[in-house]
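Worksheet: one structure, shown below.
The values are calculated or read from the model by the stated rules, or taken from the named source; none is laboratory data. Since the model is a prediction, treat every value here as computed from it, not as a measurement. As a convention, Cβ positions derive from the backbone with ideal geometry for all residues, glycine included, and neighbour counts pool all protein chains shown. We work out accessible area using only protein heavy atoms, side chains counted, and drop any ligands, DNA or RNA first. Shrake-Rupley method; radii C 1.70, N 1.55, O 1.52, S 1.80 Å.
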Amino acid sequence: MLEFAWVTLLIILPLLGGIACFLFPARNQWLGIVTAIAILACVAGLGWQLSHLEEVRYPMGSWGAPLGIDLFADGLSLIMLMTTALTGLGISVYASGYFGAERAGHFWPLWLLLWGALNALFLSADIFNLYVTLELLGLAAVALVALAGGAQALTSAMRYLLVGLVSSLFYLLGVALLYHGVGTLDLTLLAQRITPSPSVWVALGLMGAGLLIKSALFPLHFWLPPAHANAPTPVSALLSALVVKASFYILLRLWWTLLPATTVPLAQLLGGLGGIAVLWGGVLALRQTRLKLLIAYSTVSQLGYLFLAFPLGIGLAWKGAVYMVLSHAMAKAALFMAAGNIMTAAGHDRIAEFDPILQKLPLTMTAFTLAGVSIMGLPPSGGFIAKWLLLQASVQSGQWWWALILLLGGFLAAAYLFRVIGCVFTQATPSASLQRLSPQMIWPPLAMALLAIILGLFAAPPMTMMELGAPFGVRGSG
């Protein structure tokens, strides 16, 4: 069993599931949920394998690097795959109650194709394969955004497509330059052969620019809120919880694998843009009148925290950022699904008119509140653990200003989330004309929100998991 190719199964399963959903549309919901459960089981199998082997490298077609393509998994890959599997299962159950038969026929094949691209991306070991998976991911995401129909959704999807194509061209041009200068695409071999030179810096700069656009880092975030707010609720949840994290994962891999330690000014720049994103996204979220737009701008803010890892170093900071990815995925999926429940029940998401509505949705508001605890970074939650690790890293490195950003971001998150939570405690007469919600829509956001809280109570297993294989050569507390 230690030699079983779990990494290939994690890519094949969602693709087969997507094909099955396309061929048998009458059974696509059950096929999708069964596929999601099977993927989660395969992630558990890979975790068991990595607990014995530390890391796994699988040569595709028995042709490994440098001639062929390797699949690679370590603790960092495992955390990202686990995040995708848990969140993907919750979104799949929610979607089974959200979509009618017609739109479900389009959603399930596209969603499982996107899931396969995500898994392939987290298991890729060379920079061109990362490009291919990014393109598959982006095209599936664009189609899912357009699934809502209407002018706003189509405009948002087209903007998403154009931004994605431009950023992918930047990344691909950087890959071509790097291959011309170094002669390999494999990350491990690149780390051994790369030497600083003008062409290498240009290549890495182009790749980084493309990834920053896809990560929606301030001021390149303009495409994200409309796409996330106008998409169907399950699509909004998976975009915010999973898709925008893929490019950050690649940037994290490239940064501490290929870049020398002399990139301090660039690291400070990324941290500065991340800090501005935390504050600017929080302020814009506070000003929104629609709930889904509020949550979308909250994503802009929360993504900023991830980029604080770069100036804070390779010890605690990268673990804090990865833990933020994990906890944010659970919490943000719960927030979007709760917002979808409110929209479905009330027919709108105008915050000013929530007073007579939210009192009739106790489980949905419980999920929203618990997820908000993690987004604010309050104990006991996964968001608190992530921010605590980043706070420790800022203190240890003597960069206290990042700690100030963390605190201000938490206050802003509390301000915009309590605008919604406070509506439950008003004296308004509850509305009697709310649409009934299916159980598949009620329980997944609550489960996701509880997972975000549990991540704060049981932080040791994920922290141990992410150290498997010593990503970036770092173990322990750093």
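The table for this structure:
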| read-out | value |
| --- | --- |
| Within segment 124-267: Cβ-based charge dipole about Cα centre, in debye rounded to nearest 20 (Lys, Arg +1; Asp, Glu -1) | 160 debye |
| Rounded accessible area per residue of the chain, 1.4 Å, Å² | 37 Å² |
| Tensor-based shape of segment 26-86 (alpha-carbon gyration tensor, a/c under 1.5 rounded, otherwise prolate or oblate) | oblate |
| Cα gyration tensor, segment 35-192 - rounded (a/c under 1.5), prolate or oblate | oblate |
| Exposure rank, largest accessible area first [Met82, Met376; 1.4 Å] | Met82, Met376 |
| Where Cα atoms sit under 21 Å apart: lysine pairs in the chain separated by 8 or more or lying on different chains | 12 |
| Folded to 0 to 90 degrees: helix 75-98 orientation relative to the chain principal axis, Cα | 30 degrees |
| Where labels lie 7 Å past Cα in the beta-carbon direction, separation of His180 and Ser397 in nm | 3.4 nm |
| Tilt relative to the chain, helix 291-306 - C-alpha long axis, 0 to 90 degrees, to 10 | 30 degrees |
| Carbon and sulfur %, accessible surface of segment 101-204 computed with the full protein complex present, 1.4 Å | 71 percent |
| Label-point separation in nm, Ser433 to Ser51, each point 7 Å along Cα→Cβ | 5.5 nm |
| Cα-based helix-to-principal-axis angle, 198-214 vs the chain, degrees rounded to 10 | 10 degrees |
| Glu135/Val34 FRET efficiency (R0 35 Å; Cβ-Cβ; nearest 0.05) | 0.80 |
| Rounded to the nearest 20 debye, dipole of the chain from Cβ charges on Lys, Arg, Asp, Glu | 880 debye |
